[in-house]
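Below is one structure, written out as structure tokens; comments come after it.
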Amino acid sequence: MKIKITKLKEKMLSVFQEKFTAKEAEIITEYLIWAEMSGIKTQGMIKLIGAEPLQDIEPKHAIKIERDTKLSQLINAGGAPAPLVSSIATDTVITKSKQYGFGIVGVHNTFSSNGSQAYYVEKIAKMGLIGFMCSRSPAATSAFGSIDPLFGTNPFGVAFPTQEEPLVFDMATSAITWYGLILAKARGEKIPKNVAIDVNGAITTDPAKAMEGSLLSFDKSYKGSTIGALVEVLAGPLVSSAYIDNKTFKEEWGSLFIALNPNLLVDAEKFKSSCSDLIKKIKNSRKKKGVTEIRLPGERSKTEYKKTLTSGFVDIDEVILKKLKFI
């Protein structure tokens, strides 16, 4: 259902301002509207419904800085919504990298998913820096050969500055996102085959059974499982967060943010020029039969965002709008 962007923002701000400051509400709302405008439906307003609605989160304490050096910082989120704390971490890692060439920030004790990693790493790249981040979430994905949920959906994102818009890559290491299950369940739809198993290890297309069972890695092989495990380490033990939290730890989300100034190794402008040339070479390469355009990661969402911005209206799932009583 089409809804005016300004009207949607107004409604969302009023929801978040019931428990958060005006500035905090603005930060969270900005991310969610960006996700919807970019067409990333599993990482947008779907996070306002389900078992852990963002607007119902009650932080246990104020955000604390537990460690701080000129290059690094460790943030205790105090149970705050991840989009809020992740935006703060992104600003911090940019500042450190701009000043010293490199910055690394860890976040733990976060409640909720931070959404699309592209949103944060693109902000870093727009400052002329190379951005990387990864996040772990409560156990939901099995390791290769296992049927137990061990890792989170564990996404990672990378962005590089170019002479034009940043080159952005963002993916979950699971075959489907957790909120993909929530959205399918809310719509009364089945999920694709071979992305999840039930509690006994049998392939299922029922989102409810998948929630009780486990997701599979994105490639269903040991390689995808290993990448998921790597994210579990980087966004778990390295940032003092939980890991494989189905039994030992209470549920927790952790994230790692890195910003690198290309000037540490090469001339920054030359680097951006080379990245633009790299993109050009990829897009101008010979196409397979039936392929009309070679599309790079992130292009579809950027095109959708610009189209939505021009129209002034964003398409929101009617199921979500009704649950939130926005219509």
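The values are calculated or read from the model by the stated rules, or taken from the named source; none is laboratory data. Bear in mind that the values here come from a model prediction, so they are computed numbers and not experimental data. Cβ: placed from backbone, ideal geometry, glycine included. Neighbour counts: every protein chain shown.
Taking each residue of the range 47-58 that is within 16 Å of residue 31 (Cα to Cα) and looking for partners that are of a type in the set (Phe, Trp, Tyr) and assigned to a helix (DSSP H, G or I) with beta-carbon atoms closer than 7 Å, six or more apart or interchain, yields 47/179; 55/16.
Among residues of the range 291-319 that are at positive phi and at pLDDT 95 or above, those with a Cβ under 7 angstrom from a residue that is surrounded by fewer than 13 Cβ atoms within 10 Å (Cβ to Cβ) and not in a helix (DSSP H, G or I), sequence gap 6+ or separate chain, pair up as 312/4. Could you check the range 103-153 and list, in sequence order, the residues that are among the hydroxyl-bearing types (Ser, Thr, Tyr) and under 15 Å from the mean Cα position of the chain (by Cα)? Matches in the range 103-153: 110, 112, 113, 116, 119, 120, 135, 137, 153.
Of note, residue 279 satisfies the criterion of being among the aliphatic types (A, V, I, L, M) and farther than 22 Å from residue 196 by Cβ.
Meeting the requirement of 2 or more residues that are outside the structural domain of residue 263 (by TED's automatic domain parsing), crowded, with 20+ Cβ neighbours inside 10 Å and in contact (Cβ under 8 Å) with a residue 12 or more places away in the chain, no strands (runs of 3 or more DSSP E) wholly within the range 85-189 can be named.
Checked against the criterion of being assigned to a helix (DSSP H, G or I) and either within 18 Å of the chain's Cα centre (by Cα) or over 18 Å from residue 126 (Cβ atoms) (or both), the range 66-80 contains not a single residue that satisfies it. Of the candidates 244, 327, 279, the single residue that is in contact (Cβ under 8 Å) with a residue 24 or more places away in the chain, in a helix (DSSP H, G or I) and in contact with a strand residue (DSSP E or B) (Cβ under 9 Å, 6 or more places away or on another chain) is 279.
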